[in-house]
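Heads up, the thing below is written out as structure tokens.
Nothing in this text is a laboratory measurement; each read-out follows from the coordinates by a stated rule. As the structure is a prediction and not an experimental result, all values here were calculated from the model. Cβ coordinates were reconstructed from backbone atoms using ideal geometry, including for glycine residues, and neighbour counts include every protein chain displayed.
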Amino acid sequence: MVEGSPFRQRTAVETLGFLGALTADKGILEFLQVVGRLTEEYQDLQFRIAGPCSDDEIRQHVRSACENNSRLRYVGAVYGEAKTAFLDSIDVLLFPSTYRNEAEPFVIWEAQASGIPVIASERGCMEEMMRLRSHQPLLVRRNQSFVDMTLKTILGWLSDPGSFASRSAEVNLKFRTASIDARRHFEMVFCQQPETVDASADNRFRPGRLIRIEPYAVDSVISHPSELRDC
């Protein structure tokens, strides 16, 4: 990301969002459980869902949930300006993915660039992505309930808006710091002459001298598998 989405510090929890493919392993069912639990007690909270859905059963489940809850809205798949507008409309992103190949979800960087705190399952690189200076990353461990941990976190923010506002500012700082660090590493590896590339300050990148490999000309072609025995 050359530049993140526009940063806006969130000062209160008003809208919770889900952005991603609407599948069971991406966590849409857990999101709907959170919505159901919070709707009962907090009349001012809003909920938004965005993302593609190719599963007819889940699509019907989401449609039914929206019909029974006037504060829950599904906007479909969003890209470009529509994605930016969706992120601008939410205050917290829930990412309850249990997808086995989850690695470094781009949407988490997008949310943090916008100042949106993320509550996510423990998968892939997410702990590193969400590590902050003054707050613990909001990761739900594999042996914990995503729904229960999310409810506990949201209720804490509703009772202490100052803590939520502080995290909103810090997740944006995390994004900006990570962007600068990534750009520095990229330029060090790819934008310098091979002779000038050296170890980085944190000793994580030590590219060796780059060697040019010339094309090798093959003089003859093996015409029969038996000739392989003589190679």
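Treating r as the C-beta distance of E104 and N68 and R0 as 41 Å, the FRET efficiency rounds to 0.70. Reported value for the range 15-172: 107 Å³ per residue, from the convex hull of its C-alpha atoms.
In percent, how large is the relative contact order of the range 15-172, given Cα pairs closer than 8 Å and 6 or more residues apart? All intermediate terms of the calculation are to be shown ahead of the outcome.
On the way: 229 pairs, mean separation 36.8, N = 158.
Relative contact order of the range 15-172: 23 percent.
Enter the Cα centre distance for the pair the range 60-79 and the range 88-147, rounded to the nearest angstrom. Cα centroid to Cα centroid, the span is 22 Å. Between Q43 and C191, how many nm apart are label points set 7 Å from Cα along the C-beta direction? In this crude spin-label approximation the distance works out to 5.5 nm. For L132, L138, L16, the sequence from fewest to most other C-beta atoms within 10 Å is L132, L138, L16.
Take each peptide in 86-93, 157-164, count the other Cβ atoms within 10 Å of every residue, and average; sorted highest first, the result is 86-93, 157-164. In this structure the amide hydrogen of V13, modeled in the peptide plane, comes within under 5 Å of no amide hydrogen from residues 5 or more places off or on another chain. Placing one equal scatterer on every Cα of the range 47-118 and applying the Debye formula, the log10 ratio I(q)/I(0) at q = 0.14, 0.19, 0.28 Å⁻¹ is -0.50, -0.92, -1.36. For K26, the lysines whose Cα falls under 22 Å of its own Cα, not counting residues fewer than eight places away in the same chain, are K83, K152.
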